[in-house]
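These notes are about the structure you will find just below.
The values are calculated or read from the model by the stated rules, or taken from the named source; none is laboratory data. Being a predicted model, the structure only gives us computed values, none of them experimental. Cβ sites come from the backbone with ideal geometry, for glycine too, and all protein chains shown count toward neighbours.
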Amino acid sequence: MRLTKKKARLIKSTIESWVDENVISQDQSKILLDSYEVVGFDWKRLAKYSFWFSIICIIITIGAIIADEFLMELLAKIFNMSDIVKCLFFASVAALFYLIGFKRKNKKPEKVFSNEAIFFLGVLATATSIAFLGIAIDVWSRHFSMLILLAAIIYGILGLWLPSKLVWIFSLLSIGSWMGTETGYISGWGAYYLGMNYPLRFVLFGLILTAFSFTFSWWGARNEFLKPTRAMGLLYLFIALWIMSIFGNYGDITKWMEIKQIELFHWSLLFGLAATAAIYHGIKEDDGMTRGFGITFLCINLYTRFFEYFWNNIHKAIFFGVLAISFWYLGSRAEKIWNRGGLLGKDNITDT
């Protein structure tokens, strides 16, 4: 194993404590200590961030070109073609990126970040192609959610076929966007669909997506898609529950302002119960993801309620004093947990 200095220190101190407690012998400790090496610099993290910054710079470059009148005139001459031709052009560019990324991934699978960066460029080209398709068939002024569904299907198929977790995540983002826009279209862009406002719809969507993620545990060839799918499902679920705890199932801001916040307490309770259930699952199954989501959103719930119920009722010095003490305590507890190497269970300390 190749570990950073911080993780190596943690493992070394753990092994030494095992020796002191006679859990393992000196010979066993030597074998464990020789099983890893310390890397002086986290090159993996640098590679990941470098590729992300590269993609951001590419996007900024495109923006700078669009902002430049001379270059825009030049591009207008180059791309003085019909929208359907532009659609096919960007589709070809996307296919080229996917093909390069696919061949490179099979040839150099260890270069994870550069391969995913190439796939991301394919994602951008695909989105551009679909946008021009919408303009060509004039669907933007009518049922444009079908374009989002098309993007979700394309990203989904490509994500599973390549395979690429990044492309798959864009499929999940697109299907969530489609669900929101499609239910809005069906309801005539009203506040409610089947009696549910937008956040409540995403609560159900998050639950369905989280449940769906477990199907990957039965698909051995794509087992690695379980975690990103479940993470997206939990993200949809908990963000929607957080919004519900503030606004409830109201679609009219005027009506919402007329009620007292205590009337929405049942949504806060549901939010808290969902977070507690996630923590329980994380502890019972030794699942760091559900445990982390549960702890994070339980804290968000408590602090949101604190702001709601006490902002206007207590002196601001006391208000922020309580916040300071609570954050200090939270930081101290987190520091102790980090020093122990995990929360109520074994963490995979080799993960980066």
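Numbers below:
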item: Any hit, the range 191-209, residues being touching a Pro at 6+ places or on another chain (Cβ under 8 Å) and either among the hydrophobic types (A, V, I, L, M, F, W, C) or within 20 Å of Ile148 (Cα to Cα) (or both); result: no
item: Filter result for Arg142 (outside any helix (DSSP H, G or I) and under 30 Å from Phe90 (Cα atoms)); result: yes
item: Some residue of the range 22-35 being modelled with pLDDT under 65 and over 17 Å from Ser114 (Cα atoms); result: no
item: Long-range neighbours under 8 Å by Cβ, at least six apart or interchain, first residue within 13 Å of Arg230 (Cα to Cα) within the range 276-288, second surrounded by fewer than 13 Cβ atoms within 10 Å (Cβ to Cβ) and modelled with pLDDT under 90; result: Gly288/Asn348
item: Subset of the range 186-196 that is surrounded by 12 or more Cβ atoms within 10 Å (Cβ to Cβ) and out of contact with any Lys or Arg (no Cβ under 9 Å at 6 or more places or on another chain) - its residue that is modelled with the lowest pLDDT; result: Ala191
item: Any pair with Cβ under 9 angstrom, 6 or more apart, that starts in the range 312-331 at a residue that is over 22 Å from Phe297 (Cβ atoms) and ends at one that is aliphatic (A, V, I, L, M) and surrounded by 10 or more Cβ atoms within 10 Å (Cβ to Cβ); result: Ile314/Val322
item: Test: residue in the range 256-269 that is outside the structural domain of Pro163 (by TED's automatic domain parsing) and closer than 30 Å to Tyr155 by Cβ; result: no
item: Residue among Phe271, Phe293 that is under 30 Å from Ser187 (Cα atoms) and either surrounded by 18 or more Cβ atoms within 10 Å (Cβ to Cβ) or not polar (S, T, N, Q) (or both); result: Phe271
item: Top-ranked residue in the range 115-126 [being closer than 15 Å to Gly156 by Cα and over 19 Å from the mean Cα position of the chain (by Cα); ranked as surrounded by the most Cβ atoms within 10 Å (Cβ to Cβ)]; result: Gly122
item: Inter-residue pairs, beta-carbon under 6 Å, first among the hydroxyl-bearing types (Ser, Thr, Tyr) and in the range 87-106, second part of a helix (DSSP H, G or I), 6+ apart; result: Tyr98/Gly122
